[in-house]
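Please see the structure below; I have some questions.
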Amino acid sequence: MEIQSIPVSDSPNNDAFEAVVELYYQTLGYITSSGKWFWVRDSGKRQRGYQDIDVLAVTNIETVIVSVTSNLDDKLRLGRNEAVGEDMLKKINAYFERVEQYLLSVDQYKWLATGERTVRRVIAYDHACNNAAEKVFPILAHHGIGVLSAKDMLRFLSTYISQPNLKIQDQMLRTIQLLGRNGNIGI
């Protein structure tokens, strides 16, 4: 595999759910980045393809790579038996491996994936069939992939914004606050 070795700037975040994921990690004290597009040429392919990092969250000791999806069932292509196929696990792991390889290939980013740092892999999802989701969580965990639901993030953000004397400048947090105060958000 050949991979881009120069840093890239973030693309504008046009996905509301990716913005919620970034906001969630920011309120936990992480610095975030999103929409980093880089090229990858897989062996045996003539043309290079492009990959993006949905959300990258960083603290002084940890790097979290987040793959964001609206529908967990679609991401894992769950069938009637609600099992994750090996081909999908390979595809998901390949995504995280390409992102880590990109970070290691760029001199300015190497520190994000080396040394004493922990690198975590997370899939953030908006919705999923509850029965299927609970069955696949242990499988994903076995492969070193954490899962984070929109419901849990919004619940956390709702609690976060209810702190007394908290001045909110972020438009997304302010929207969550307004919806919560007016009873429009059932978190």
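The values are calculated or read from the model by the stated rules, or taken from the named source; none is laboratory data. On a predicted model such as this, the values are computed, not experimentally measured, just so you know. Neighbour counts run over all protein chains shown; Cβ positions are idealised from the backbone, glycine included.
Look at region 21-42 and say how many of its residues are touching a helix residue (DSSP H, G or I) at 6+ places or on another chain (Cβ under 6 Å) and closer than 13 Å to ALA150 by Cβ.
2
Please indicate, with yes or no, whether at least one residue in region 143-151 is in a helix (DSSP H, G or I) and within 29 Å of SER9 (Cβ to Cβ).
Checking region 143-151: at least one residue is in a helix (DSSP H, G or I) and within 29 Å of SER9 (Cβ to Cβ).
Look at region 38-55 and say how many of its residues are surrounded by 10 or more Cβ atoms within 10 Å (Cβ to Cβ) and assigned to a loop (DSSP other than H, G, I, E, B).
3
Further, regarding this structure: Checking the structure you have, find out if any residue of region 109-119 is at pLDDT 90 or above, outside any loop (DSSP other than H, G, I, E, B), among the β-branched types (Val, Ile, Thr) and loosely packed, with under 13 Cβ neighbours inside 10 Å.
The answer is yes, given that some residue of region 109-119 is at pLDDT 90 or above, outside any loop (DSSP other than H, G, I, E, B), among the β-branched types (Val, Ile, Thr) and loosely packed, with under 13 Cβ neighbours inside 10 Å.
Counting just the residues of region 157-187 that are loosely packed, with under 14 Cβ neighbours inside 10 Å and of a type in the set (A, V, I, L, M, F, W, C), which one comes out modelled with the lowest pLDDT?
Taking the candidates together, the pick is LEU178.
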